[in-house]
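Everything on this sheet refers to the single structure shown next.
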Amino acid sequence: MTINRKKASERLVTLVWGLGLIGLWEIGATVVENTKRSPQNVLPHLYQIIQSVFSTAMVSNKQTALQIVLSNAGLTLYRAGIGFLIGIAVGFLLALLMQRFVPIEKIAFPYLMMIQMIPILGMAPIVLAITKDIDKSRIVIAAILTFYPVATNTLAGFKSVEKEKYELMHSIAATDRQLYTKLLIPACIPYFFTGLKISAPMAITASILVDTLQGGGGLGCMLSQSLKHAMSIYVFWQIVFLSAIVGILSYQLMALIEKIVSPYERAGA
Amino acid sequence: MQHNSETEIKILGLCVDFPDKNSGDIIHALTNIDLEIKEGEFVSLVGPSGCGKTTLLRAIADLQEPTSGIISVKGMRPHEVRIRQKYGFVFQSPVLYDWRTVRRNICMPMEVMGIPKKERSKRIDETLEMVGLTDFGKKYPHQLSGGMQQRVGIARALAYEPEILLMDEPFSALDEFTKEKLHLDLLNIWKKTNKTILFVTHNIQEAVFLSDRIVVLSPHPGRVSAVVDVDIPRPRGLESRDGDDFNHMVSKVRHSFEGV
């Protein structure tokens, strides 16, 4: 009873939020429409954006708005994906090293935090100067943003293992390898996935942001071009919504993979 | 109970010192402990906190390095005994892996030891029955009560058939009813398996009910102040707690503490 009521009220909150946002958007769109200075409305009505998705009108290079968005989304996601995978590998290995060798943790951790504090837009030119290739630097930046949440969360997972569990392994004379395969790695899996869930949307955001720096395609590239009226404004809004959706989906995908690979349920899960 | 069998654990002049975390002073957790435990004996280590009872158990288990003195388990050092996987350690908390079912928790040490799969499964069935959890093998730890979780911990320590069970206040976190039930279970298991059991507790009644002998430890510095033979006849049941000799034994143990 109470659980159902709680769920119902949660649904109501979502509904109110959704309707409120749509209402605000439409008010804004109407206001902007009436003070319009450019040929296209900068803030179109929602129905116009939805219409543009299905529109067959060519926007540029004999492509519709949707075609432009999707082809560039593929590019961006590809770079984000590769960067993400590299980031996962680096993050996990770093966590292992920091778990194993405390001095490494003491030395490396402050630097990791500092790398994380540099804004992406500040880091991008440096990475570009080093890699001398915009594509590579986009991947590298996605990786840099990914590895930190993965490393810190995985390390937290290793650290969450109680002393008694180590002692249990010790008391049955488990080898070092068994300590990892039977205890430490399974214990850190939920933490590892928390890291993935944080960093998956970040890798995508970073990729889009770095796209804006130079040409060569990608969502961010199109984003800045469409803002400069070089292209339909609908491309811009489609990209904004697509990015948001992809970001959320990337999170959900990580949650799904976690469910599949962890053959157990946890307390409260 | 009479044990004419050989000495299993022999401790001579054992000292364990720690540096105090705050002051840096040396704390004498154990000084000059001499103790002999026979094969198949049920011995309790009893004392207030700080008396070193857990330290003594951990030193035998090779979880704590002695400062000086000798521990010999059938002529072997604790390290050798541990490497040969002859210790079954039961902790105060169940120490279960929450990502493994009850069966797979019990299985874990046997996986580590490379016991064949068929044999593992057989022993899991046996130990589950011993601790009365036959129907709970497929459950996850969080689905069990505290008492059941502790039983799984005991089953896990039994399944790989160690020679010596080392139990560190295994029932201290449980309610009285669960505790009494587990006491009876433990005595049954002990009778069936004939293991040497070293049992740490601060509960005198518990020690009297379970043990053949009680080693009374006193703190500052940690030392053996008495060893009391418990001559309450076996098999013991819940009614054994009501007899005069039980109460007499409890007060005898209580009076053997020094300077508490």
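What follows is calculated from the coordinates using simple rules that are stated; it is not laboratory data. Predicted model, so just to flag it, every value in this text is computed and none were measured. Neighbour counts run over all protein chains shown; Cβ positions are idealised from the backbone, glycine included.
Okay, here's what the table says:
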quantity	calculated
Longest DSSP-loop-exposure-free segment, GluC sites (Glu not before Pro), chain A, at most 15 other Cβ within 10 Å	A:1-161
Inter-centroid distance (Cα atoms) of the range A:219-253 relative to the range B:133-150, Å	51 Å
Coil-residue trypsin sites (Lys or Arg not before Pro) of the range A:88-140, DSSP, other Cβ within 10 Å capped at 16	A:Lys132
Loop sites in the range A:165-240: trypsin sites (Lys or Arg not before Pro), DSSP, at most 10 other Cβ within 10 Å	A:Lys228
Using θ = phi - 60° and Karplus 6.51 cos²θ - 1.76 cosθ + 1.60, couplings along the range A:247-253 (whole Hz; Gly, Pro as x)	x, 5, 4, 5, 5, 4, 4
Total formal charge among the other residues, if their Cβ is under 12 angstrom from that of B:Leu186, Lys/Arg +1 and Asp/Glu -1	+4
For residues of B:81-87, the mean tally of beta carbons on other chains within 10 Å	2
FRET efficiency estimate (nearest 0.05) - Cβ-Cβ, A:Leu253 to A:Ile50, R0 22 angstrom	0.35
Of A:Lys136/A:Lys159; B:Lys74/B:Lys138; B:Lys38/B:Lys139; A:Lys182/A:Lys259; B:Lys138/B:Lys192; A:Lys62/A:Lys197, pairs whose Cα-Cα distance is over 28 Å	A:Lys136/A:Lys159; B:Lys74/B:Lys138; B:Lys38/B:Lys139; A:Lys62/A:Lys197
Cα long-axis angle, helix B:146-159 against chain B (0 to 90 degrees, to the nearest 10)	90 degrees
Residues of type aspartates and glutamates that A:Lys165 reaches as a straight line, Cα spacing below 13 Å, ignoring anything fewer than 8 places off in the same chain	B:Asp98
Candidates per trypsin sites (Lys or Arg not before Pro) in the range B:52-120, loop by DSSP, up to 13 other Cβ within 10 Å	B:Arg84
Packing-based exposure ordering (other Cβ within 10 Å, fewest first) of B:Leu35, B:Leu198, B:Leu96	B:Leu35, B:Leu96, B:Leu198
Cα long-axis angle, helix B:244-255 against chain B (0 to 90 degrees, to the nearest 10)	60 degrees
Two-decimal Rg to Rh for the range B:3-65 - Kirkwood Rh, Cα set	1.04
Hypothetical label at A:Val261: residues of the range A:87-117 whose amide nitrogen lies under 19 Å (7 Å Cα-Cβ projection)	A:87-99
Residue-averaged beta-carbon neighbours from other chains (10 angstrom radius) around B:16-29	0
Shielding by other protein chains, B:110-119, mean Cβ within 10 Å	2
Karplus-derived 3J(HN,Hα), 6.51/-1.76/1.60, for each residue of the range A:90-96, Hz, glycine and proline x	5, x, 5, 5, 4, 4, 4
Two-decimal log10 I(q)/I(0) for chain A, as the Debye equation yields it once each C-alpha is a single scatterer, q = 0.07 Å⁻¹	-0.36
Of all DSSP beta bridges in the range B:129-260, antiparallel share, percent nearest 5	55 percent
Burial ordering of B:Ile214, A:Ile130, A:Ile257, fewest other beta-carbon atoms within 10 Å first	A:Ile130, A:Ile257, B:Ile214
D (Stokes-Einstein, µm²/s), Kirkwood Cα radius, the protein assembly as shown, 1.306 mPa s at 10 °C	56 µm²/s
Long-range HN-HN contacts of B:Phe42 with modeled amide H, under 5 Å	B:Ile197, B:Asp212, B:Arg213
